[in-house]
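The values are calculated or read from the model by the stated rules, or taken from the named source; none is laboratory data. All of these numbers come straight from a predicted model, not from anything done at the bench. Cβ sites come from the backbone with ideal geometry, for glycine too, and all protein chains shown count toward neighbours.
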Amino acid sequence: MTSSLTRVLRALGPAIPSGPTPEAFRAGLGALIGLAAVSLFLLVTPVDYHLGLYLIPPFGATAVLIFAVPSSPLAQPWSAVMGNTVSALVAVAVCLTVPDPTLRLVLSVGLAITAMILIRALHPPGGAVAMTAAMSPDAIRDLGFWFVLCPVALGTVMLVCVAVIYARLTGRHYPFRQFEDQNTHGTDDHVPTERLGLSKDELTDILAQYRQSLNLGVEDLARLIAAAEMQAAGHRTGPTTVADIMSRDLVTVGPDAPLDQVAEQFRQHGFTSLPVVGTDDRFLGVIFQLHLIRKGLSQQMAPLLAEQIMSRDVPTAAPDTMVAALLPLMADGETDAVPVLDQGRIVGIVTRTDLIAALARESLKQPAD
């Protein structure tokens, strides 16, 4: 009895994991900016403010989805714009033909949900749009189908546009990732971590089988599976740490090194990356061969210094970091080497070659099947 009660109480508790505080403020600020933009936008449209259908409450619900859970299929532009619009269209038609208030309300919401599902645009605030119209019959009779266009359709489009821009500025993806996205090299191949994975059709079938199509996109499911596979592969590396495999005899350059000196270091040692350090071996960034190639092709190498072309925002590790943690960092084809830092000072570097050699040694230790 006690265990059953505990399970019930646990089921009634929070189902969403606690999120980082910055993300909470990011979502809240985005909704504030988005709704403010919609307000200003609708000020220049011929909306009759006296009817009370100007900034309709469903916009707040749409803002929650597109700013707080931008990866949800329910929050995508098609779902938001078409879901709200078709719901308004259905509700206006019902309001103009059904006089009974209760029947008008239930028909508006029920038919709106059906219409959204049929056009693959299910958006929960769409039900609120339909209910808003059904509860304002006098205003709807005055506005007619103009209510569908403004404020519903135009307001939702503006809200989505703000969400797209805001997501890019804050490091999020909206609309969500597409399965057909090309890799960073501009070829049609999937990124290395996805080439042995399930196909798009297989992932779509899995989502449909478990009735999760409304909660998760195909590409995000692929990324989660790839991350889980990478984590499982990391378990095979045992307790090996970065300090066990890193290169310690480092070749570095200072921030004021001219690019011809940097190029000479690459030619002499055959590296693909070169750390840039300041005083006391303070890590400043990394120069990759690609940087030199780009500058060489543009014939701008001579006057530039190392600090002007180095990458500052690169993945780093600590000496006690497990080797398994480097797998997702270096499997995407973009990172050739991971600097190892101790209190801001560079003490080593792990290249892709170092990582492959470590994995090869571990594979030899595994018993044959």
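Tabulated results
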{"item": "The stretch 205-222: number of residues that are surrounded by fewer than 16 Cβ atoms within 10 Å (Cβ to Cβ) and either assigned by TED's automatic domain parsing to the domain that holds V323 or at pLDDT below 75 (or both)", "result": "2"}
{"item": "Options D244, D256: the member that is at pLDDT 85 or above and either surrounded by 13 or more Cβ atoms within 10 Å (Cβ to Cβ) or under 13 Å from V347 (Cα atoms) (or both)", "result": "D244"}
{"item": "Residue count, the stretch 321-369 (criterion: hydroxyl-bearing (S, T, Y) and modelled with pLDDT of 80 or more)", "result": "3"}
{"item": "Subset of the stretch 13-32 [aliphatic (A, V, I, L, M) and surrounded by 13 or more Cβ atoms within 10 Å (Cβ to Cβ)]", "result": "A27, L29, A31"}
